Structure formats: C-alpha cells, structure tokens
1. Stokes-Einstein at 4 °C, 1.567 mPa s, Kirkwood radius from Cα pairs: D for the stretch 27-149 in µm² s⁻¹?
2. Among Ser25, Leu44, Asn60, whose Cα lies farthest out toward the positive end of the dipole of the chain, if unit charges sit on the beta carbon of Lys, Arg (+1) and Asp, Glu (-1)?
3. Give the distance, in whole Å, between the Cα centre of the stretch 39-93 and the Cα centre of the stretch 99-124.
4. Less than 21 Å apart at the alpha-carbon level, and either on another chain or at least 8 residues along: which lysines does that give for Lys105?
5. So what are the ³J(HN,Hα) numbers for the stretch 92-99, from phi and the Karplus equation (6.51, -1.76, 1.60; θ = phi - 60°), rounded to whole Hz, Gly and Pro as x?
6. How large is the Kirkwood hydrodynamic radius of the stretch 81-124, in angstrom, based on all distinct alpha carbon pairs?
7. Which of the lysines could be linked to Lys72 by a straight reach, that is with a Cα gap under 16 Å, when you skip same-chain ones fewer than 8 residues away?
8. In debye, nearest 20, what is the charge dipole magnitude of the chain about its Cα centre with +1 on Lys and Arg Cβ and -1 on Asp and Glu Cβ, if you could check?
Amino acid sequence: MITATHLHAMLIHFPIALLLVGFLSEVISLITKKAFFKNAAIYLLLLGALGTTASYLSGNVAGEGIEAGALKNAIELHEQAATTSLWLSIITAIIYLVVALTKYKKVWTSVVSVVLFTAMIFSIARTGYLGGQLVYKHGAGVELLLPDF
C-alpha cells in the first residue's frame with residue numbers, strides 16, 4: 001500500500017531534476033542567447049513549481065503526527081526549508097511567466113529572474129539535504145522488516 005511517506009519519496013525527485021535542468025537551461029540561454037534554452041527553462045520551471053507544490057503537500061501529510069523528540073526538530077527544519085522552496089518556486093515561476101507573456105525585456109528583469117532562480121536552486125538543495133538527513137540519519141519513513149519466527 002502506498003502511504004503518504006512513499007508518495008512523498010516518489011514525488012520529490014521530479015521537481016529537483018526539473019528545476020536543476022531548468023536552471024542549467026537558463027544559464028545556457030544567457031551564454032548562447034538562444035531562445036530554445038530560454039523557452040526550455042520557462043517550461044521546466046513551471047513544471048518544477050507544480051512538482052514542488054505536490055511534493056510539499058505530500059510531505060505535510062507524511063510528517064503529520066510527529067510531535068516530540070529529535071525527529072520532530074529535524075522535520076520542522078525540513079518543513080521550513082520546504083516552505084521557502086515552495087514560495088521561491090512559485091514566485092520565480094510567476095515572474096518568468098509574466099515576463100515571457102508580456103515580452104518585457106529589461107536588464108533588471110533578467111537580473112531579478114536569475115537571482116531568484118539561483119536562490120530557489122540553493123533552497124531546493126538545502127531542503128533535499130535536510131530531507132536526506134531525515135531518512136539516512138534519523139531513519140524517518142524507514143520500515144524495518146523483521147523475519148517471521
């Protein structure tokens with residue numbers, strides 16, 4: 001049976017990959033000035049923001065019920081980082097979408113967009129690190145299967 005913990009573990013990798021590749025596409029578009037990479041960055045960012053939202057919601061359900069101990073503190077840190085990542089991904093996606101749809105091309109919009117995208121990538125990396133600590137250091141979501149005797 002798929003639990004919220006399993007669902008969260010399945011979902012989290014998609015926005016990480018989408019956003020990292022989107023960021024690389026943005027960097028390549030700045031260097032090469034090719035529209036293909038800019039468009040790819042926008043689409044990957046939008047998909048990544050949707051994936052971040054799904055991951056955040058599944059993580060909230062997976063973390064419910066833990067109210068004490070060292071695991072509680074680790075989960076709270078991860079949740080705070082995830083909230084920051086969620087809002088950064090949504091705000092960055094909205095800004096990229098508005099700039100693309102309005103075709104508003106000013107230097108400051110490019111700078112703000114890239115700075116937000118960079119901050120979002122660092123936030124996603126921190127969130128992933130803290131999530132990894134939950135699993136590999138604290139054993140969150142790990143089920144021990146004992147042999148039947």
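Each value in this text was obtained by applying a stated rule to the coordinates, not by laboratory testing. Note that the structure is a prediction, hence the values are computed from the model and not measured. We place every Cβ from the backbone using ideal geometry, glycine too, and count neighbours over all the protein chains shown.
1. Estimated diffusion coefficient is 79 µm²/s.
2. Among Ser25, Leu44, Asn60, the one farthest towards the positive end of the dipole of the chain is Ser25.
3. The two parts, judged by their Cα centres, are 20 Å apart.
4. Lys33, Lys34, Lys38
5. Each residue of the stretch 92-99 in turn: 5, 5, 5, 5, 4, 5, 4, 4 Hz.
6. 10.6
7. Partners within reach: Lys137.
8. Using only the charged Cβ atoms, the result is roughly 1060 debye.
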